[in-house]
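The values are calculated or read from the model by the stated rules, or taken from the named source; none is laboratory data. No experiment lies behind these values; they were computed from the predicted model shown. Positions of Cβ are backbone-derived with ideal geometry, glycine not excepted, and every protein chain shown enters the neighbour counts.
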Amino acid sequence: MPSTFGIVDLFAGPGGLGEGFASLVEDGHAPFRIGISVEKEASAHRTLTLRAFLREYRSRHGALPRQFIDFHAGDAPEPDWSEVDDDAWRVAIEEARALELGTETAADAIDAAIDRLKARYDDTILIGGPPCQAYSLVGRARSKGKVGYVPEEDERHYLFREYIRVLDKLRPAAFVMENVKGMLSSTVESRLVFEMLMEDLSSFGKGHGHKYELRAIRVEGGQASLQEAARPSDFIVRAEDFGVPQRRHRVIIVGIRSDLAGKAASVDIAVSSPSRTVDDVIGTMPSLRSGISRAPDSAAEWRKKVVDAARLLARIHAGKDNHSLREAFSSVARRMATEAPRSRTETRLYETYGNSNDELLNWLERSELRAIAQHETRGHMASDLGRYLFASVFGAVHGHSPKAADFPLALTPDHRNWHSGVFNDRFRVQLAQKTSTTITSHISKDGHYFIHPDPMQCRSLTVREAARLQTFPDDYLFMGNRTQQYVQVGNAVPPYLARQIAIFLRSVLI
Ligand SMILES: C[S@@+](CC[C@H](N)C(=O)[O-])C[C@H]1O[C@@H](n2cnc3c(N)ncnc32)[C@H](O)[C@@H]1O
């Protein structure tokens, strides 16, 4: 029987990283089983628990429960999962824990789980990264603005020590630590956090047990391998190199226990073909309209506002140089005036759903499903509709998103410094024929950075579209309200990337 590894997933969020590992099944054998995943935020924890339940249910019954398919399709309220399968539910709540790392309660629960994992599995793996806010460049800039903010006192700087405590107790075969790029340059007490972390990670086992060899994942010519890092930036992994349709660059440190490190140097795996585009994963999704915030909202109202904006923009771009833009705006106005009204949500599966030979689409589309879930638009201020329309048309015509200076004066927002450069990228369209920019949790705040490429839809991305750009399969349901769902999606490691890292580790460890 091939080896099975028990996984500890810390700071698990909605479980993107864990999904990549847990989804791996080869010749009927799952080499990685999640033993415990720890997350403090309630909605993300609900997402984790439901996923853990579905995984367990599927391994017992070979399919998803009918009650989930109904709930997912929006045809039934959320059932009591313990009534669907009590045993599977018990496994799920034992696995997904709502705990705050850094507290004694969390440490006790993790320590107990570690003992169980060591007894039950051949070996273990530790995954997850301490939270990024304190490390991230954006987070630091924001925190600095806070009165009385002292970085040294920010307990989040020290949460990675909890990770190290668990690492020391678990002594897994390998660990995978993910973080934002900002952690490479973050300092505390004038010392680089990254340096302290590397020291801590590599100073294990002095005198007792095994040390960890720290490795970076390098992709060259479509092959991924583990390499010693010559500089900190070597630890940056580009999700797009793994066929994820998104430019997402994150620090990923892989540690291999020294007794297993010998093989690591010689393994390489073919990564999924790169250069996937936004259109590849959201181009077939049902087309929708946005809503209108703080004003009467209806399909007719929305269409009138977009048509008016398109006509105005066509007039503004009447000069010879702007021929393509003018034509594009006129075309939107013409087509929209005659087409059937759109809705803000659509659950119907598209015709080709589940029939693709494409590896990524095969991963995203789940043929058991009856519907598409969480594909519902937000409302936008009427004044922003023209800006969204402009951005999407400009992107389609010029192949890049417009800067503030590209917007016509008639669309100037009420920002005093609009032309100063500070707001240069305030409205960003995701280009159909390119990878998307990084899906961050900021997507929960407004849609300005995540404008849909189709001018006829004039809206920001739905939760499901963001989830697809993050490569979450369509049967991955995010719990909580819509803002919480966006945050979870934006926080995660793309499961499709995580799965390839899991395949890699499997080759190294088994
Ligand atoms: C970047 S996300 C993790 C994403 C996850 N690895 C994935 O792939 O889906 C970090 C998570 O850590 C959680 N978190 C932050 N501090 C925590 C703590 N002290 N204990 C437990 N969870 C915490 C946050 O709520 C957030 O969901």
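Just a few scattered comments:
- Counted as qualifying within region 282-398 are the helices (runs of 4 or more DSSP H) with 3 or more residues that are of a type in the set (Gly, Ala, Ser) and more than 30 Å from LEU477 (Cβ to Cβ), namely 299-316, 323-338, 382-398.
- With respect to (1) out of contact with any strand residue (DSSP E or B) (no Cβ under 7 Å at 6 or more places or on another chain); (2) farther than 22 Å from GLY129 by Cα, the lone exception for SER460 is condition (1).
- The C-beta contact set for region 1-16 (first residue closer than 22 Å to ALA112 by Cβ and in contact (Cβ under 8 Å) with a residue 60 or more places away in the chain, second residue more than 16 Å from the ligand (Cβ to nearest atom) and among the basic types (Lys, Arg), distance under 7 angstrom, 6+ apart or interchain) comprises THR4/ARG33; GLY6/ARG33; GLY6/ARG120; ILE7/ARG33.
- Those helices (runs of 4 or more DSSP H) lying entirely in region 443-510 with at least 1 residues outside the structural domain of ARG378 (by TED's automatic domain parsing) and under 18 Å from SER293 (Cβ atoms): 482-491
- Residue among PHE194, PHE160, PHE175 that is in a strand (DSSP E or B) and either at pLDDT below 85 or in the same structural domain as GLY18 (by TED's automatic domain parsing) (or both): PHE175
- Note on region 10-25: residues that are farther than 11 Å from ARG51 by Cβ and more than 6 Å from the ligand (Cβ to nearest atom) amount to 5.
- Single unsatisfied condition, ARG142 versus (1) within 11 Å of the ligand (Cβ to nearest atom); (2) part of a helix (DSSP H, G or I); (3) modelled with pLDDT under 85: (1)
- Residue in region 425-432 that is outside the structural domain of SER324 (by TED's automatic domain parsing), away from the ligand (no atom under 16 Å from the Cβ) and either on the phi > 0 side of the Ramachandran plot or of a type in the set (Phe, Trp, Tyr) (or both) present: no
- Residue count for region 348-364, restricted to those that are surrounded by 11 or more Cβ atoms within 10 Å (Cβ to Cβ) and either among the acidic types (Asp, Glu) or closer than 17 Å to PRO245 by Cβ (or both): 8
- Residue check, ALA106 within 30 Å of ARG248 (Cβ to Cβ), within 16 Å of the ligand (Cβ to nearest atom), among the small types (Gly, Ala, Ser) and part of a helix (DSSP H, G or I): yes
- Conditions (1) without any contact (Cβ under 8 Å) to a residue 60 or more places away in the chain; (2) assigned to a helix (DSSP H, G or I); (3) farther than 22 Å from THR462 by Cα: number failed by ALA410: (1)
- Search result, residues across region 9-59 that are of a type in the set (Val, Ile, Thr) and either within 17 Å of the chain's Cα centre (by Cα) or assigned by TED's automatic domain parsing to the domain that holds LEU364 (or both): THR47
- Region 490-510 residues that are under 19 Å from LEU469 (Cβ atoms), paired with ones that are acidic (Asp, Glu) (beta carbon under 6 Å, 6 or more apart): VAL493/GLU178; PRO495/GLU19
- When each of GLN485, GLN470 is tested for being within 16 Å of the ligand (Cβ to nearest atom) and closer than 30 Å to ALA328 by Cβ, the lone residue that passes is GLN470.
- Residue in region 11-47 that is surrounded by the fewest Cβ atoms within 10 Å (Cβ to Cβ), counting only those that are hydrophobic (A, V, I, L, M, F, W, C) and farther than 20 Å from TYR121 by Cβ: ALA42
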